[in-house]
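Student: Have a look at the structure that comes next, please.
The values are calculated or read from the model by the stated rules, or taken from the named source; none is laboratory data. If you're wondering where the values come from, they're calculated on a predicted model, not measured in any experiment. Because the Cβ atoms are built from the backbone with ideal geometry, glycine has one as well, and the counts that use them run over all protein chains shown.
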């Protein structure tokens, strides 16, 4: 695996470079700000003088809305995501671009809506999109959401609250899922594109989280927030084929393989920290440890990372092939997030109390790692979906 | 599209016609093979497959498509009867090792008159095998992975039919979560196996060690939890899950032996050569 992964890593760097992103330079630019962002959740302005926003904004855009070269495939995005996850997972999630807002826009929007709103990312200042479905009272059971949309002349009025919205506070717009009629369940749900300066829209707070602070999980509210007709994402095409909630699934399908790759990158970083510790202190760094135990530990880590990586790649490849891949995406994400915590735990077991010294990277890694099994659907939820989907495939 | 190719050549998303044919042939073969075995002529049929398997593997060393077919065939054999397939895998492994000239790994034994379920007693004495002989490990992993897939499907079917408290036990979350972890285990083991066996090159040492360690751990989980899903029905010695549980023990132990091979050619404490990419 080593040989080929090195090749993939090199090819990913080449591809990113064609898009104007030098991953080595990005890695160093992130490295300089990691501690500050872990403190404040903000990306310091120095980061943007270090590394221009223009290429990052457009990196994940579809070819149709930009003249810039794009990464072009979910596999390429996964390979690049592994690099940024290695640099820092919080930063990887905080990178500018439309993010999770893009899939519903592509699935549900009219072509002119797509051009207009994704076109906003052709910009030299960093821009973000956000995706809001979770509410204080509904997490994994997202079809039970309560935020309401009422039709009035010229548009809709939104009322309700959303929470834990990634990049919510810095987003230029948020794709918000709200219900026209709760009695219709998921079929009453529509997606609305809400600009950050819409009247009645408010950023209530950025949560202070244990880790992944760069992702700025945001609580937002809508008080009779007016959304013009043209910001309803419900194209003639989509009305025939989808319910809006299916487009939310699109977002998860899009993001879960990439999140898994970010986690794989993170795991590689933790392994590096562990190996650095071992080569400094040797097996004698732990009382009673012998070389065989060290080898066993590193083999365990190696096999878990290799498996997590392939699971993420397979989900991405199926996404590129236009095949159903929600199960593969859930498998990749559930496995990678469990592995991440196990690896951090193993590394801390070796490092001992020194792992918790102020500013020690393993201390931050532990806080960051706990997030993976929660965001974008908890591990328990992913496993429930895996069991359901596997049974469905078996019956077919 | 070099990047995408380098990433996705490790697995295939759709079964090709040739792969389907290989599976079907292996399935038909294993049925015949098992019926011959029951009539007492098992070691004769073992010899026949041994030849077949070894030849295809040898030519497969440089041809990923062939390696894939051979892996699928061994998976089918493992799915049909893990005990018998393990016996075969063991013989193939030692053949492979002796042809590769590894004196420590190669030992032909007399299998006459032994049934597949006796495997466990001899497996425990498998001589330590150098992970450099990755193809032997591939075969062993393939029969195990094939059986794992059967065990997962078997557990799902049971859990979808067995009722408790008015619903199939699969609809109880405690059972669903267990089943999901079994799916994750078999998916990840399959990907690692195919990624290593079908790379079109000899596997590296660390790759074989990682593969053996992962298939060991994944198979332990799957066969243990398959019994658990069926509970007492799965613990009855004649049940499929009980037989998987029994037959898998020594095979997994063999893989663990591989995974624990001392990595003498490496510096103390950094068995995985580290590059700037962190592999």
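Student: May I ask you to list the residues in the stretch A:63-73 that are farther than 18 Å from residue A:315 by Cβ, touching a residue at least 40 places away in the same chain (Cβ under 8 Å) and either within 14 Å of chain B (Cβ to nearest Cβ) or not in a loop (DSSP other than H, G, I, E, B) (or both)?
Tutor: The answer is A:64, A:65, A:69, A:70.
Student: Taking the condition touching a residue at least 24 places away in the same chain (Cβ under 8 Å) and farther than 18 Å from residue B:85 by Cα, does residue B:137 pass?
Tutor: no
Residue by residue, here is whether (1) more than 9 Å from every other protein chain (Cβ to nearest Cβ); (2) within 25 Å of residue B:192 (Cβ to Cβ); (3) modelled with pLDDT of 90 or more; (4) surrounded by fewer than 20 Cβ atoms within 10 Å (Cβ to Cβ) holds:
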residue	(1), (2), (3), (4)
A:230	yes, no, yes, yes
A:240	yes, no, no, yes
A:253	yes, yes, yes, no
A:259	yes, yes, yes, no
A:292	no, yes, no, yes
A:295	no, yes, no, no
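Student: Is it true that some residue in the stretch A:178-194 is crowded, with 16+ Cβ neighbours inside 10 Å, at negative phi, in a helix (DSSP H, G or I) and at pLDDT 90 or above?
Tutor: yes
Student: Which one of these is under 17 Å from residue B:185 (Cα atoms) and either in a helix (DSSP H, G or I) or more than 14 Å from chain B (Cβ to nearest Cβ) (or both): A:333, A:370, A:318, A:364?
Tutor: A:333
Yes/no matrix, rows are residues, columns are (1) surrounded by 18 or more Cβ atoms within 10 Å (Cβ to Cβ); (2) within 13 Å of chain B (Cβ to nearest Cβ); (3) without any contact (Cβ under 8 Å) to a residue 40 or more places away in the chain:
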site: A:32; (1), (2), (3): no, no, yes
site: A:39; (1), (2), (3): no, no, no
site: A:58; (1), (2), (3): yes, no, no
site: A:75; (1), (2), (3): yes, yes, no
site: A:82; (1), (2), (3): yes, yes, no
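Student: Here is a further query. Being surrounded by 17 or more Cβ atoms within 10 Å (Cβ to Cβ) and at pLDDT below 95 is the filter here; which residues of the stretch A:321-360 pass it?
Tutor: Matches in the stretch A:321-360: A:346, A:347, A:348, A:350, A:351, A:355.
Student: With the condition kept exactly as written, say whether any residue in the stretch B:193-205 is within 11 Å of chain A (Cβ to nearest Cβ), assigned to a helix (DSSP H, G or I) and over 15 Å from residue B:71 (Cα atoms).
Tutor: Checked the stretch B:193-205: at least one residue is within 11 Å of chain A (Cβ to nearest Cβ), assigned to a helix (DSSP H, G or I) and over 15 Å from residue B:71 (Cα atoms).
Student: Return the pair list, or none, for Cβ contacts closer than 7 Å from residues in the stretch B:1-14 that are within 7 Å of chain A (Cβ to nearest Cβ) and surrounded by fewer than 20 Cβ atoms within 10 Å (Cβ to Cβ) to residues that are at pLDDT 90 or above and in a loop (DSSP other than H, G, I, E, B), at least 6 apart or on different chains.
Tutor: B:13/A:321; B:13/A:323
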